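Contents: one structure, followed by commentary.
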């Protein structure tokens with residue numbers, strides 16, 4: 001193999017004449033990956049916690065609703081869900097709304113679909129962790145709270161959730177890592193995140209190895225930083241007396 | 001609702017979709033078998049007392065688990081064709097996307113299986129290995145005859161759950177335009193201008209298959225009578 005290595009490619013001005021270098025493309029991709037993932041993570045946490053609570057409340061109807069939600073999102077591939085959000089939902093909405101969506105800039109449509117899709121996809125996994133956290137608490141806690149005269153929402157608010165949230169931080173770390181990795185799937189709808197910028201760079205420069213190595217290293221970097229931050233958080237919220245938490 | 005459904009392009013394209021499903025299943029099965037064998041080797045290496053083996057396995061597993069599958073697939077679609085043409089004198093035009101996908105998925109999944117299998121091995125009480133060694137079995141024999149059979153039993157549910165995830169992930173060969181089930185559905189939908197129906201159909205098929213399998217896993221997870 002006679003491959004011409006050229007690491008200087010990242011300092012070359014890009015061929016499209018946008019005034020930036022190919023290195024700037026990588027940085028833009030990194031920023032997009034981080035902003036999509038963090039926005040989606042907010043949705044995942046809010047919806048996931050809500051559904052996780054619903055799965056444990058003493059109401060068959062609400063439990064079924066939450067279980068159905070989780071099963072639906074867990075048994076359809078992420079790629080299919082993404083295409084459904086991006087291509088199909090605008091078609092199925094009432095015409096006025098669909099047209100309004102289609103008039104947005106393509107970047108906004110891609111970003112919106114990516115955030116909603118990743119957020120809800122991850123929320124199903126967060127839900128299962130939150131449910132497991134709540135169910136790992138002794139049943140006596142709920143009963144004691146109710147016996148003291150707290151209403152059920154109050155029991156969740158003051159007794160169950162403060163404890164459950166601290167217990168689910170370690171398992172949520174891997175979901176948080178996954179959301180960054182899964183964001184690479186969004187390159188398929190044209191969102192210019194890290195993986196997409198890497199491929200685009202290959203098309204323009206024919207330097208695939210440099211580009212892919214740079215992208216891979218950036219994902220590793222994200223991984224290391226997230227793990228370090230979550231480790232700090234885990235130490236802060238650790239419940240004294242619990243093993244491994 | 002403004003959209004008018006027209007499902008008529010699905011019945012005619014069923015054979016094409018079935019071919020796509022075969023590709024999906026082929027990738028899943030290959031990655032499953034290779035992943036379990038190579039994953040077991042990696043897990044045993046990771047628990048071995050030889051430091052370089054341990055480092056290699058840990059490095060392999062951590063690297064693959066830190067990088068998105070899409071990126072791993074892109075790597076293999078880049079590297080494998082070049083390797084194959086270099087070593088087997090293939091003509092540059094030969095379609096090696098399937099081979100690349102198979103290798104990529106198998107090596108990627110091995111990292112995940114290695115972690116499941118390692119946890120399974122560690123769930124076997126230490127006394128088992130000690131007793132096997134005391135009976136005169138070599139380390140290799142003790143692993144093969146005593147520890148691994150018990151470990152494998154413990155981790156059947158997790159291995160199956162990972163297989164469901166793997167089956168869903170095969171849809172990502174879309175990045176190489178290989179026509180797996182999802183790719184086939186997309187192509188038909190694109191051709192007939194019926195993307196909405198075809199994507200919903202694909203989603204429904206994935207859901208039915210994966211949901212049924214996950215129910216099976218739940219049945220297996222029910223605690224069995226212990227002797």
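Please treat every number below as a calculation from the coordinates, not as lab data. Just so it is clear, the structure is predicted and the values come from calculations on it, not from any experiment. Here Cβ is always computed from backbone atoms with ideal geometry, including for glycine, and neighbour counts include all displayed protein chains.
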Most mobile listed residue (B:99, B:51, B:202) in chain B, GNM with C-alpha springs under 10 Å: B:51
Per its Cα gyration tensor (rounded if a/c is under 1.5, else prolate when a/b beats b/c, else oblate), segment A:81-148 is best filed as prolate
Report the label-to-label distance for residue A:147 and residue A:228 in nanometres (one decimal), using points 7 Å from each Cα along the Cα→Cβ vector. 4.8
If packing is taken as the average number of other Cβ atoms within 10 Å across a peptide's residues, how do B:172-180, B:205-213 rank, most packed first? B:172-180, B:205-213
Mean per-residue count of partner chain Cβ within 10 Å for B:198-207 equals 5
Please rank B:40, A:205, A:11, fewest neighbouring Cβ atoms within 10 Å first, as an exposure proxy. A:11, A:205, B:40
Peptide A:95-105 - average C-beta neighbours from other chains (10 Å radius): 1
Can you report the principal axis dimensions of segment A:13-237 using only the alpha carbons, biggest first, rounded to whole angstrom? 71, 48, 26
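Calculate for chain A the 222 nm mean residue ellipticity that helices alone would give, adding -39,500 (n - 2.57) per DSSP H run of length 4 or more and normalising by residue count, nearest 500 deg cm²/dmol.
-23500 deg cm²/dmol
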Note the angle between two axes, namely the Cα long axis of helix A:22-54 and the longest principal axis of the Cα atoms of chain A, as a number of degrees from 0 to 90, rounded to the nearest 10. 20
Ignore the peptide's own chain and count Cβ atoms of other chains within 10 Å of each Cβ in B:69-78; give me the average, rounded. 6
How do B:3, A:3, B:60 rank when sorted from fewest to most other Cβ atoms within 10 Å of their own Cβ? A:3, B:3, B:60
Connecting C-alpha atoms closer than 10 Å in a GNM of chain A, tell me which of A:174, A:183, A:123 has the biggest fluctuation. A:174
Please state the Cα pair-distance histogram of segment B:74-227 with 10 angstrom bins from zero: what percent is in each bin? 9, 24, 25, 22, 14, 5, 1
Where does helix A:161-182 land angle-wise versus the long Cα axis of chain A, in degrees 0 to 90, nearest 10? 20
Mind checking which of A:179, A:89, A:222 has the largest fluctuation in a GNM of chain A, springs on alpha carbons under 10 Å? A:89
In degrees, nearest 10, the alpha-carbon axis of helix B:51-66 is tilted away from the dominant principal axis of the alpha carbons of chain B by 30
Would you mind calculating the relative contact order of chain B from Cα pairs under 8 angstrom and at least 6 residues apart, reporting the percent as a whole number? 29
Between residue B:4 and residue B:191, Cβ-based FRET efficiency (R0 25 Å, step 0.05) works out to 0.85
